[in-house]
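Scroll down for the structure; my scribbles are underneath it.
Every number in this text was worked out from the coordinates using simple rules, so none of it is lab data. This is a predicted model, so every value here is computed, not measured. Cβ sites come from the backbone with ideal geometry, for glycine too, and all protein chains shown count toward neighbours.
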Amino acid sequence: MLDIIAIFLCITAVLAYLNRRYVGLPSAIGVMGIALGLSLLNMASDALGFHALHTLEQSLVESIDFSELLMQGMLSLLLFAGALHVDLSELRAYKWQVASLAVVGTTLSTLFIGFGLWALLSLTELQLPLSYCLVFGALISPTDPIAVMGILKSAGAPNSVELVISGESLFNDGVSVVLFSLIVAMIASGETPSVIGASQLLLKEAGGGALLGACVGYITYRMLKSIDSYQEEVLITLAAVLGAYALATQFHVSGPLAMVVMGLIVGNQGRSHAMSEQTEKNLDMFWELIDEILNAVLFVLIGLEVVLIQFSNPLLTTGLLVILLTLLSRLLTVGVPIAVLGKRFRLPQGAWSVMTWGGLRGGISVALALSLPPGAARDIVVSLTYLVVVFSILIQGMSIGKLVKRVIPCAATKDAG
């Protein structure tokens, strides 16, 4: 395992260097684009009869359990690092906007995409049961702000738009995992859960995760407040994140929601009352580095995963339709409510289009798809998920900056002032 980790870190470092030195794209988009391009060249050479490099890459990628790596390893660190830098006082000002988009929006998106995919498949050669269509809806609905946040900042996006996108994404990850688990449990049991049963599972997963995060976050805060030594304080936060996520797994509650709540407590209460200036500086630097390194590795893995996808003409055609379906779902569940209720959402004019186009899908969607039981249905779901994620990161991610500058230039200046 150590050898595999070393190989992927070396690959990530080389691709990050090439992107920074020659390409100049935002880090996550750049490393994924280069990895994807090299993988496609490798697949082309394999089709021409040069099999050695393709076989090597395939065996290397297959040696990594992407779902296990992300869901049980990287996700806890990434979500905590993301929540650590969210200003809770600012987030409170948009609490109902974030909550409605994360809970109601994600749920409606799951249903819209699930039933929409089921209808689309009747026009194609691919077949999926309705339950797997809903699984796809649940795993593809959460947004991933990792790649887009840097672009929004460099483009001068209003702080309110950044705050709502980041807050929504932090919480809709947890909501989507709960919905995904509920539907997968329904498939495994072969029975449709009752409203009471589904509500109890949601309460246990979401409520239990938030409660666990609050308890561990408060204990961590008290420990940080009782000492002043940044080495130990950084170590305490790292141990708290890994330990709390392990506990969430054992208790069968939402680990993602626990990480978000912990990050908000440590990043706000801890920052205000428990950290010296030196501790705050070193803690922020540590978690920013963790965030950047793991994101680079994650997006390289996504780019390399293409060698495991079995493409076909029906799959590619369906994939294009599904990309349009996910964009339409984002428009209807996020863009339209913001456009119609613009004043109540307190977002600048034109924000609806940025929120729609800026809803990028990322690694958590791929990881959830790969965690499904092996079979023909899983292969279709994984392939469709991969196509949506690649389009989302490369096409939407590289164009969102231009969209921000075009649709809300005055709003950005006004918000900044």
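Here are the numbers for this structure:
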| item | result |
| --- | --- |
| Neighbour-count ranking [beta-carbon atoms within 10 angstrom, fewest first] of Tyr386, Tyr245, Tyr17 | Tyr17, Tyr386, Tyr245 |
| Phi-based couplings in Hz for region 160-166 (Karplus 6.51, -1.76, 1.60; Gly and Pro marked x) | 5, 5, 4, 5, 5, 5, 5 |
| Radius 14 Å from Cβ of Gly174, net charge of other residues (Lys, Arg +1; Asp, Glu -1) | -3 |
| Cross-link pairs Lys204/Lys343; Lys204/Lys225; Lys343/Lys402 - those with Cα-Cα distance over 26 Å | Lys204/Lys343; Lys204/Lys225 |
| Area projected by the alpha carbon convex hull of region 50-142, averaged over all directions, nm² | 9.8 |
| Rounded D (µm²/s) - the chain, Kirkwood Rh over Cα pairs, Stokes-Einstein at 25 °C, 0.890 mPa s | 111 |
| Burial ordering of Phe80, Phe66, fewest other beta-carbon atoms within 10 Å first | Phe66, Phe80 |
| Rounded Å value of the spacing that divides the Cα centres of region 282-320 and region 178-244 | 24 |
| Expected 222 nm ellipticity per residue - DSSP helices of 4 or more, -39500 (n - 2.57), all of the chain, to 500 | -23000 deg cm²/dmol |
| Val161, Val354, Val340 arranged by Cβ crowding within 10 Å, fewest neighbours leading | Val340, Val161, Val354 |
| Fraction of alpha-carbon pairs over 16 Å apart in region 2-62 - percent | 51 |
| Calculated FRET value between Ala119 and Phe50, using beta carbons and R₀ = 35 Å, to 0.05 | 0.25 |
| Rounded to whole Hz, the Karplus (6.51, -1.76, 1.60) HN-Hα couplings of region 394-401, x for glycine and proline | 6, 7, 5, x, 7, 10, 5, x |
| Positive minus negative residues near Leu40 (Lys, Arg vs Asp, Glu; Cβ under 14 Å) | -3 |
| Paramagnetic reach from His273 in region 224-265 [backbone N under 17 Å; point 7 Å along Cα→Cβ] | 224-228, 262-265 |
| Leu289/Ala188 FRET efficiency (R0 41 Å; Cβ-Cβ; nearest 0.05) | 0.55 |
